[in-house]
Amino acid sequence: MTRRVVVTGGSCISSLGMDVEDVFASLKTLKNRVVRMKEWDLYAQMNTRLACPILYDLPEYSRKKVRGAGRVAVLAIASADKAIQSAGLAEETALLKSGRVGVAYGSSMGSINPLLDFFSMLKPPHDCSKITATTYIRSMPQTCAVNVSVFFGTTGRIITTNTACTSGSLSIGYAYEAIKYGMQDVMIAGGADELDATESAVFDTLFATSVKNDTPELTPAPFDRDRDGLVIGEGAGTLILEEYEHAKARGAHIYAELVGFGHNTDGDHITQPKKETMQIALELALKSAEISPEAIGYVSGHGTATRHGDIAESWATYNAFNGHSVAISSLKSYIGHTLGACGGIEAWLGINMMNRGWFNPNLNLNNVDEQCAPLDYITGSGREMDVEYLMSNNFAFGGVNTSLIFKRV
């Protein structure tokens, strides 16, 4: 017998802020958070100078609690901390340590700076003095998941998803399955990524970054005819998933129910998206939720503003919805591509939009690319809608495709 899974808490940290009320106030200004990174001018061979950094201070924790955490893990901890508080679990020490609470958390990779300390021993004069007891802990791929687990003292299962842009959404999907099939009662799930020039360089070498360096307010432009690439951001997004009866028994507030999860891989090309298998991932989520495409009132799109990505995603969506022109928009037009964090951030903000009845527009979408599918792209000042189900989609390098479906409670 399968069990129902609900969202009892959540949070997101991005260039828009940490507090949901502040984030929605910022969304409604219809201005993005893209800035020109003057410090990146020293990378002469890199074309882009644009990013969405977090320009406010993160919460401070005792050194003992975060000594093995680089910036990416601190982002994860701060987001998970706020999510735990919103779920009313901060004082539930016995529950957190019971073995019935697990962590599913991912990032594209660990912190970058500690890697420099490792590399210093490989080149003359082969200096090992910079390597400390925490160098690997801060840089390892699973740094977010284990640091979150240690911070809260959880003793349940741990899942780490280091699948680039689907790290957050895949973590949420795997956490959903862990609860649905009875392995855990509560899961802390999400993703994080810190901002580093090397991340932009990855996409820059593929000519996939925006180079509108003198007009940061005009980019990224998902689905627009004149889009010229993505902009990297940073942040973290976390959901607290809980078995329905468990949540009800402790009187938890329920923000939404997670009813569907679809996941597959293209099995074809590492960096080129494949609309056929992307479509199947969406169809798997619909099948999992046991609803028709017409039941979905809104799609939180991946919408990176890359040339091939937007086209493939739009047609995958259109075909999965049997030609139904569903409403869609991308939060990346505000906060850039937060990589491993985007699945968590977009899921949490999507849930809040569904509960508030207002959905963000696609910024900088002036002329829909004629090569994109004829979907209902939200523009202008956003849109008020009464939505019972929303779908949140993410796609990553390696052909990793995810789709989550949430139901309003």
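The values are calculated or read from the model by the stated rules, or taken from the named source; none is laboratory data. No experiment lies behind these values; they were computed from the predicted model shown. Cβ atoms come from the backbone with ideal geometry, glycine included; neighbour counts cover every protein chain shown. SASA here: full protein model, heavy atoms, side chains in, ligands and nucleic acids out. Shrake-Rupley method; radii C 1.70, N 1.55, O 1.52, S 1.80 Å.
Here are the numbers for this structure:
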{"quantity": "Residues (of a type outside the set (D, E, K, R) and either in a loop (DSSP other than H, G, I, E, B) or surrounded by fewer than 13 Cβ atoms within 10 Å (Cβ to Cβ) (or both)) located in the range 367-379", "calculated": "Asn367, Gln371, Cys372, Ala373, Pro374, Leu375, Ile378, Thr379"}
{"quantity": "Residues satisfying the stated conditions in the range 305-330, i.e. in contact with a Leu (Cβ under 7 Å, 6 or more places away or on another chain), among the aliphatic types (A, V, I, L, M) and in a helix (DSSP H, G or I)", "calculated": "Ala316, Ala320"}
{"quantity": "Matching residues, the range 117-138, being part of a helix (DSSP H, G or I) and over 22 Å from Ile188 (Cβ atoms)", "calculated": "Asp117, Phe118, Phe119, Thr135, Tyr136"}
{"quantity": "Residue in the range 331-338 that is part of a loop (DSSP other than H, G, I, E, B), of a type outside the set (Gly, Ala, Ser) and at pLDDT 95 or above present", "calculated": "yes"}
{"quantity": "Yes/no for Asn162 being assigned to a loop (DSSP other than H, G, I, E, B) and within 13 Å of Gly106 (Cβ to Cβ)", "calculated": "yes"}
{"quantity": "Given (1) β-branched (Val, Ile, Thr); (2) under 17 Å from the mean Cα position of the chain (by Cα); (3) surrounded by fewer than 18 Cβ atoms within 10 Å (Cβ to Cβ), number of the condition Thr155 does not satisfy", "calculated": "(2)"}
{"quantity": "Residues within the range 285-295 that are surrounded by 13 or more Cβ atoms within 10 Å (Cβ to Cβ) and either over 20 Å from the mean Cα position of the chain (by Cα) or at positive phi (or both), tallied", "calculated": "6"}
{"quantity": "Residues of the range 136-150 satisfying the condition of being touching a helix residue (DSSP H, G or I) at 6+ places or on another chain (Cβ under 7 Å) and surrounded by fewer than 22 Cβ atoms within 10 Å (Cβ to Cβ)", "calculated": "Ile137, Ser139"}
{"quantity": "Residue, nearest to the chain's Cα centre (by Cα), within the range 296-310, restricted to residues that are crowded, with 18+ Cβ neighbours inside 10 Å and not hydroxyl-bearing (Ser, Thr, Tyr)", "calculated": "His302"}
{"quantity": "The listed residue being of a type in the set (S, T, N, Q), open to solvent by less than 10 Å² (accessible area, probe 1.4 Å) and over 21 Å from Ala83 (Cβ atoms), out of Thr238, Thr219", "calculated": "Thr219"}
{"quantity": "Members of the range 34-84 found to be open to solvent by 10 Å² or more (accessible area, probe 1.4 Å), modelled with pLDDT of 95 or more, out of contact with any strand residue (DSSP E or B) (no Cβ under 6 Å at 6 or more places or on another chain) and not in a loop (DSSP other than H, G, I, E, B), listed by number", "calculated": "Val35, Arg36, Lys38, Glu39, Trp40, Asp41, Leu42, Val66, Arg71, Val74, Asp81"}
{"quantity": "Matching entry among Leu89, Leu170 (being farther than 20 Å from Gly350 by Cα and open to solvent by less than 10 Å² (accessible area, probe 1.4 Å))", "calculated": "Leu89"}
{"quantity": "Qualifying residue in the range 183-205 (condition: within 29 Å of Ala289 (Cβ to Cβ), in a helix (DSSP H, G or I) and open to solvent by 10 Å² or more (accessible area, probe 1.4 Å))", "calculated": "no"}
{"quantity": "Out of Asp268, Asp224, sole residue that is more than 25 Å from Leu390 (Cα to Cα) and of a type outside the set (A, V, I, L, M, F, W, C)", "calculated": "Asp268"}
{"quantity": "Residue identified as in contact with a helix residue (DSSP H, G or I) (Cβ under 8 Å, 6 or more places away or on another chain) and either under 26 Å from Ser15 (Cα atoms) or in contact (Cβ under 8 Å) with a residue 60 or more places away in the chain (or both) among Ala305, Ala316", "calculated": "Ala305"}
{"quantity": "Hits in the range 380-398 (condition: closer than 16 Å to Asn360 by Cβ, crowded, with 16+ Cβ neighbours inside 10 Å and among the hydroxyl-bearing types (Ser, Thr, Tyr))", "calculated": "Ser392"}
{"quantity": "Test: Leu30 is assigned to a loop (DSSP other than H, G, I, E, B), touching a residue at least 60 places away in the same chain (Cβ under 8 Å) and more than 30 Å from Val186 (Cβ to Cβ)", "calculated": "yes"}
{"quantity": "Cβ-Cβ under 7 Å pairs, at least 6 apart or on other chains, the range 85-114 side of a type in the set (D, E, K, R), far side not in a loop (DSSP other than H, G, I, E, B)", "calculated": "Arg100/Val186"}
